[in-house]
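Accompanying notes for the structure given below.
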Amino acid sequence: MTSARKPKSEAAKLQFRIGYGWDSHEFQRGIPLKIGGVTLPYPKGLGGHSDGDVLLHALTDALLGAVAAPDIGSLFSPSNPKWKGADSAVFLREALDRIRSAGYIVANMDSTLILAAPKIGPHAAAIRAHLAELLSISADAVGVKAKTPEGMGTENAAIAHVVVLLEKKSAARSKPQEEER
Ligand SMILES: [Zn+2]
């Protein structure tokens, strides 16, 4: 009988947490193309929320989702002019603050971009290195893959899917001030 009434804090004890995020933006002429915090040479950029960085938005939502926090649109309303053209790294930092407050660090992430152009392959290493720096993890824990949208009719859009794995910080690392002597 008691097993049916789990305490609210049960999830906080999990050693690992998975997070998933998805985003899409439409290409527009005359704005810079930013993917994963890296500006790519291309005549079109991604419009919509902030700087349109579809990969950072999906990553932010994956991190927020892993700790059951509100999503990026709830925290940073697209209708708020404050975020127009904003650097999406701001949103990522907020998500990282929240997972750290919840007692977690990022173990690794993986992502898939779906877009007709430009080719991501030549820039994947730079994007992985930049994401690794933002997340304070090694570049070999950052996956960045890209596919073209065969048969999807989304040639003028960029789509990103991201999964993250969070690992609980050890007590010693998270609360050194509480160490007993
Ligand atoms: Zn977005």
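The values are calculated or read from the model by the stated rules, or taken from the named source; none is laboratory data. From a predicted model like this one, the values you see are computed outputs, not experimental measurements. Glycine gets a Cβ as well: all are built from the backbone with ideal geometry, and neighbour counts include every protein chain shown. Heavy atoms of the whole protein, side chains included, go into the accessibility calculation; ligands, DNA and RNA do not. Shrake-Rupley method; radii C 1.70, N 1.55, O 1.52, S 1.80 Å.
GNM remark for the chain: springs join alpha carbons under 10 Å apart, and the peak mean-square fluctuation among Val144, Val164, Val90 falls on Val90. Surface calculation, 1.4 Å probe, protein heavy atoms: His130 sits at approximately 60 Å² accessible.
Cross-link partners of Lys84 among aspartates and glutamates, defined as those whose alpha carbon lies under 14 angstrom from its own and excluding same-chain residues fewer than eight positions apart: Asp51, Asp53.
The GluC sites (Glu not before Pro) found in segment 121-161 that occupy coil by DSSP, while having at most 10 further C-beta atoms within 10 Å, are Glu150. Distance between the pseudo-spin-label points of Glu26 and Thr39 (7 Å out from Cα toward the beta carbon): 2.5 nm. For the chain, the share of accessible area belonging to carbon and sulfur comes to 54 percent (1.4 Å probe, ligands and nucleic acids excluded). Once the chain from Ser101 to Ala141 is taken as fully extended at 0.36 nm per residue, the excess over their C-alpha distance is 12.2 nm. On full extension, the segment bounded by Asn156 and Leu75 gains 26.5 nm, given 0.36 nm per residue less the C-alpha separation. Residues whose amide H comes within less than 5 Å of that of Ala107, counting only those at least five positions distant or on another chain, are Leu165, Leu166, Glu167 (H built at 1.01 Å from N in the peptide plane). For the chain, the share of alpha carbon pairs falling in successive 5 Å distance bins from zero is 1, 8, 16, 19, 18, 14, 9, 6, 4, 3, 1, 1, 0 percent.
Under the convention that each Lys and Arg Cβ holds +1 and each Asp and Glu Cβ holds -1, the size of the dipole of segment 1-125 around its Cα centre is about 280 debye. Note on segment 102-155: along the principal axes its Cα atoms extend 42, 25, 13 Å, ordered by decreasing extent.
Counting only lysines at least 8 places from Lys13 when in the same chain, those with an alpha carbon closer than 25 Å to its own are Lys168, Lys169, Lys175.
Taken per residue, the accessible surface of segment 35-138 reaches 40 Å², heavy atoms only and a 1.4 Å probe. At the residue level, Asp71 shows approximately 70 square angstrom of accessible surface with a 1.4 angstrom probe and all protein chains present.
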